[in-house]
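The values are calculated or read from the model by the stated rules, or taken from the named source; none is laboratory data. Being a predicted model, the structure only gives us computed values, none of them experimental. Note that each Cβ is placed from the backbone with ideal geometry, even for glycine, and that neighbours are counted across all protein chains shown. The area values use the complete protein model at the heavy-atom level, side chains included, leaving out ligands, DNA and RNA. Shrake-Rupley method; radii C 1.70, N 1.55, O 1.52, S 1.80 Å.
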Amino acid sequence: MDIKILGTGCAKCHALGDAVKAAVKELQLDVKIQEVKDMKKIMEYPILMTPGLVINEKVVSSGKVPGKEELKKLLLNAAKK
Amino acid sequence: MEIAIRLLQGGVAALIDYLSFHVLTCLVPAFFIAGAISVFVSQASVLKYFGPNANKFLAYGVASVSGTVLAVCSCTVLPLFGGIYLHGAGLGPAIAFLYSGPAINVLAIVYSARLLGYDIGAARAVGAIVFSIIIGLIMAVIFRKEEKQKNAEAFAALAIDPPGKPLWKQLAFFAILVGILGFGASKQWIVTGVLLVALGIILWRWFTTGELKQWMKETGHFVRLIIPWLLGGVFVAGILKAAIPESWVVGAVGENSLLANFVASFLGMLMYFATLTEVPIIRAFMDLGMNKGPVLALLLAGPALSLPSILSLSRIMGWRKTLTFSALVVVMATTTGYSFGFIVQ
């Protein structure tokens, strides 16, 4: 699974990165996490607000830091496919 | 060495003065309002006016005022700008949003009015709204041939947000919050007390504990995000006040001339201000003798653009558009500042 965190370095973007890492560790998933900080690359995804969470090139959340349970659900859903 | 000590003293004195002067108290209700906006106002409901199929006139109007709701932190402005430009209503509305956003969020309005005077606070908000539309329209006309292929996906995804509370409940809630802010600031304690009681009843009847918790969490988030920058800004302002000779400021921007307004706008375009720090720093310049016209010019151009944001903007929309926009900002800020200085004199 391929995860991208979209954000130019705002506080919420760091929070999202940490939350995702924690959730991934808890679920013991095999993923690659990449932080995308370049505005131009971020804008190639259909998001309006950072931070954005992209799993397997699909935007699953933007503009907020999802709660722990929600994050796990998003990760598990993507892992099933 | 002596100079360094004198500068530090200036910074510390400004901090102490600031903390004891209860300037911060006016920000307390504003922080709660900002927190409430980000939790309870559905951002999707505002953003849908920026979609690729949105009514163009409506898009400009909403863009010019939506900073109140969407741009509490300057770090959200650039991504939103990019989103509206590339995926939504296009260049004009995106530019309007970019220009007015930093000037009209709740914290910026309250803080500028309190620290710089109500005339400047009001002129800043009105100037930002009016000129954002004008600059947006000019940009859209200049670059009308370069309409991009729209990616509607970003806006299609917006609809899935769950609906919030009925509109009248939201309006009542925010009206009371703004009332507390206003009456509290003018020391009408009885009215403020009545409103606080009303707020208590509303919170108890209409809101769940989860919602309240989220509100407090978001408010705390803003406080932690902004206060350190703000104290830093106050400190820097104190140092500037001790470091810069009054004669320089009076000589360069002490009068409301076109040149003084241009200097203020141009420097404002280059300077980077973290969220809200423009206010104490400009206050320091005012104390040193800066005229109200150039003050407004600096306030309008300062937070809208900075060297770092010009660089990011050029990555999103290219150098030609970025430089045109920067030039327009300087011209508009200069004219607005000059007219304002003329009126208040």
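Within segment B:296-309, how many residues are within 13 Å of chain A (Cβ to nearest Cβ) and buried (at least 18 other Cβ atoms within 10 Å of the Cβ)?
Going residue by residue through segment B:296-309, those that are within 13 Å of chain A (Cβ to nearest Cβ) are B:308-309.
Okay, now just the ones that are also buried (at least 18 other Cβ atoms within 10 Å of the Cβ), so B:309.
Selection size over segment B:296-309: 1.
I'd like to check something: does segment B:53-66 contain any residue that is free of Cβ contacts under 8 Å to residues at least 60 places away in the same chain, within 17 Å of the chain's Cα centre (by Cα) and closer than 23 Å to B:GLY220 by Cα?
Yes, the conditions are met somewhere in segment B:53-66.
Do we find a residue being within 12 Å of chain B (Cβ to nearest Cβ), assigned to a helix (DSSP H, G or I) and either open to solvent by less than 30 Å² (accessible area, probe 1.4 Å) or of a type in the set (A, V, I, L, M) (or both) anywhere in segment A:40-59? Don't jump to the end; show me each part of the working.
Restricting attention to segment A:40-59, the residues satisfying the condition of being within 12 Å of chain B (Cβ to nearest Cβ) are A:40-52, A:58-59.
Now drop any that are not assigned to a helix (DSSP H, G or I), which leaves A:40-42.
This time we only want the ones that are either open to solvent by less than 30 Å² (accessible area, probe 1.4 Å) or of a type in the set (A, V, I, L, M) (or both), so: A:42.
Within segment A:40-59 (the criterion being within 12 Å of chain B (Cβ to nearest Cβ), assigned to a helix (DSSP H, G or I) and either open to solvent by less than 30 Å² (accessible area, probe 1.4 Å) or of a type in the set (A, V, I, L, M) (or both)), the answer is yes, since at least one residue qualifies.
Would you call A:ILE3 open to solvent by 20 Å² or more (accessible area, probe 1.4 Å), away from every other protein chain (no Cβ under 13 Å) and either over 25 Å from B:HIS87 (Cα atoms) or touching a residue at least 24 places away in the same chain (Cβ under 8 Å) (or both)? Reasoning before the result, please.
On the way: open to solvent by 20 Å² or more (accessible area, probe 1.4 Å): no; away from every other protein chain (no Cβ under 13 Å): yes; either over 25 Å from B:HIS87 (Cα atoms) or touching a residue at least 24 places away in the same chain (Cβ under 8 Å) (or both): yes.
Answer is no for this residue.
Quickly run through segment B:275-287 and pick out the residues that are of a type in the set (A, V, I, L, M, F, W, C) and open to solvent by less than 10 Å² (accessible area, probe 1.4 Å). Break it down stepwise before answering.
The initial filter retains those residues of segment B:275-287 that are of a type in the set (A, V, I, L, M, F, W, C), namely B:276, B:279, B:281-282, B:284-286.
Listed by number, the residues that qualify are B:LEU276, B:VAL279, B:ILE282, B:ALA284.
Among the residues of segment B:306-318, is there at least one that is touching a Gly at 6+ places or on another chain (Cβ under 7 Å), within 14 Å of B:PHE273 (Cβ to Cβ) and touching a residue at least 60 places away in the same chain (Cβ under 8 Å)? Steps first, answer last, please.
Going residue by residue through segment B:306-318, those that are touching a Gly at 6+ places or on another chain (Cβ under 7 Å) are B:316.
Next, only the ones that are within 14 Å of B:PHE273 (Cβ to Cβ) stay: none.
No, segment B:306-318 contains no residue that is touching a Gly at 6+ places or on another chain (Cβ under 7 Å), within 14 Å of B:PHE273 (Cβ to Cβ) and touching a residue at least 60 places away in the same chain (Cβ under 8 Å).
Output yes when any residue across segment B:227-249 is modelled with pLDDT under 90 and in a loop (DSSP other than H, G, I, E, B), and no when none is.
Yes, segment B:227-249 contains at least one residue that is modelled with pLDDT under 90 and in a loop (DSSP other than H, G, I, E, B).
Sort out which residues of segment A:4-35 are within 10 Å of the chain's Cα centre (by Cα), within 25 Å of B:LEU47 (Cβ to Cβ) and hydrophobic (A, V, I, L, M, F, W, C), and write them in order of number.
Result: A:ILE5, A:LEU6, A:CYS13, A:LEU16, A:ALA19, A:VAL20.
Here's a check for you: in segment A:18-39, which residue that is free of Cβ contacts under 8 Å to residues at least 24 places away in the same chain and out of contact with any Ser or Thr (no Cβ under 9 Å at 6 or more places or on another chain) is farthest from the other protein chains (Cβ to nearest Cβ)?
Among residues in segment A:18-39 that are free of Cβ contacts under 8 Å to residues at least 24 places away in the same chain and out of contact with any Ser or Thr (no Cβ under 9 Å at 6 or more places or on another chain), the one farthest from the other protein chains (Cβ to nearest Cβ) is A:GLN28.
Give, as residue ranges, the helices (runs of 4 or more DSSP H) completely inside segment B:74-192 that count at least 1 residues that are open to solvent by less than 50 Å² (accessible area, probe 1.4 Å), within 14 Å of chain A (Cβ to nearest Cβ) and modelled with pLDDT of 85 or more. Steps first, answer last, please.
Working: elements: B:77-87, B:91-104, B:106-116, B:118-142, B:153-156, B:167-185.
It comes to B:77-87, B:91-104.
Do you know which residues across segment B:9-25 are modelled with pLDDT under 75, open to solvent by less than 60 Å² (accessible area, probe 1.4 Å) and either in a helix (DSSP H, G or I) or among the aromatic types (Phe, Trp, Tyr) (or both)?
B:TYR18, B:LEU24
Within segment B:253-273, which residues are touching a Leu at 6+ places or on another chain (Cβ under 6 Å) and of a type outside the set (A, V, I, L, M, F, W, C)? Before the answer, list the steps.
Going residue by residue through segment B:253-273, those that are touching a Leu at 6+ places or on another chain (Cβ under 6 Å) are B:264, B:268-270.
Residue satisfying the conditions is B:GLY268 alone.
Taking A:GLY63 as the residue in question, decide whether it is within 14 Å of chain B (Cβ to nearest Cβ), modelled with pLDDT of 85 or more and within 17 Å of B:PHE81 (Cβ to Cβ). First the steps, then the outcome.
Details: within 14 Å of chain B (Cβ to nearest Cβ): yes; modelled with pLDDT of 85 or more: no; within 17 Å of B:PHE81 (Cβ to Cβ): yes.
Considered against the rule, which asks whether it is within 14 Å of chain B (Cβ to nearest Cβ), modelled with pLDDT of 85 or more and within 17 Å of B:PHE81 (Cβ to Cβ), A:GLY63 comes out as no.
Listed here are the residues, each with its yes/no results for (1) surrounded by fewer than 21 Cβ atoms within 10 Å (Cβ to Cβ); (2) closer than 27 Å to B:THR192 by Cα; (3) away from chain A (no Cβ under 11 Å).
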site: B:PHE31; (1), (2), (3): no, yes, yes
site: B:SER45; (1), (2), (3): yes, no, yes
site: B:LYS48; (1), (2), (3): yes, no, no
site: B:THR68; (1), (2), (3): no, yes, yes
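For segment B:253-266, enumerate the residues that are surrounded by 17 or more Cβ atoms within 10 Å (Cβ to Cβ) and part of a helix (DSSP H, G or I).
B:VAL253, B:ALA260, B:ASN261, B:PHE262, B:VAL263, B:ALA264, B:SER265, B:PHE266
With the checklist (1) closer than 28 Å to B:THR76 by Cα; (2) open to solvent by less than 50 Å² (accessible area, probe 1.4 Å); (3) not β-branched (Val, Ile, Thr) in hand, flag the one item B:PRO228 doesn't pass.
The failed condition is (2).
Go through (1) open to solvent by 20 Å² or more (accessible area, probe 1.4 Å); (2) not in a loop (DSSP other than H, G, I, E, B) and name the single condition B:GLY293 misses.
The number of the failed condition is (1).
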